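Scroll down for the structure; my scribbles are underneath it.
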């Protein structure tokens with residue numbers, strides 16, 4: 001048994017996209033080998049989980065749509081439950097300047113309770129590692145639900161010779177504050193994180 005983070009809950013619960021902390025991590029352009037580029041171009045989804053007190057989930061995949069179209073899907077918070085399997089309810093409840101305040105309910109496996117929470121999200125154009133890209137980051141609204149901590153971002157990079165596709169990076173780390181058997185964590189790592197990219201692909205098609 002090991003302490004489970006929301007990163008790994010994402011894998012077990014199929015999809016838990018937008019939960020975060022007050023200071024989301026800084027996005028970075030991924031450093032890719034020629035082999036990884038080939039795999040991405042062939043439709044593979046690359047998943048990495050960095051173990052620690054609060055593990056990190058890092059997912060890469062190519063979506064056959066321009067970056068702005070992908071961002072439009074991501075910021076349509078009211079519709080997440082229509083294409084993200086674990087989301088049972090999503091709605092924008094208010095705004096704070098450039099931030100959206102959203103409420104979400106995530107279906108989680110028995111015996112855990114469903115996760116009910118609010119998060120604050122921002123999206124737009126920014127410069128990352130010297131490149132102008134589109135991003136969306138989010139932070140968990142403290143005290144709004146049955147979570148400990150979580151933070152993350154979507155990073156959208158024009159892909160292909162004409163930039164008509166998008167390399168999507170999804171980064172998430174969070175602390176669920178509970179425990180889960182190792183076999184469920186391992187199963188989730190191998191099988192569920194790719195659904196983050198698959199959900200976007202389905203919505204963009």
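Coordinate-derived values only; no laboratory data. Being a predicted model, the structure only gives us computed values, none of them experimental. Note: ideal-geometry Cβ built from the backbone for every residue, glycine included; neighbour counts use all protein chains shown.
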Modelled label reach - residue 96, point 7 Å along Cα→Cβ, region 135-160 residues with backbone N closer than 18 Å = 136-153
With label points built 7 Å along Cα→Cβ from the Cα atoms of residue 132 and residue 164, find their separation and express it in nm.
-> 2.2
For residue 29 and residue 68, calculate 0.36 nm times their separation in residues minus their Cα-Cα distance, and state this gained length in nm to one decimal.
-> 12.3 nm
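Fully extended, how many nm does the chain gain between residue 89 and residue 38 (0.36 nm per residue separation, minus their Cα-Cα distance)?
Working: separation 51, 0.36 × 51 = 18.36 nm, distance 3.69 nm.
Gain on stretching residue 89 to residue 38: 14.7 nm.
Treat the count of other C-beta atoms within 10 Å as a stand-in for reagent exposure and order 201, 120 from fewest to most.
Details: 201 18, 120 22.
Fewest-to-most Cβ neighbours within 10 Å comes out as 201, 120.
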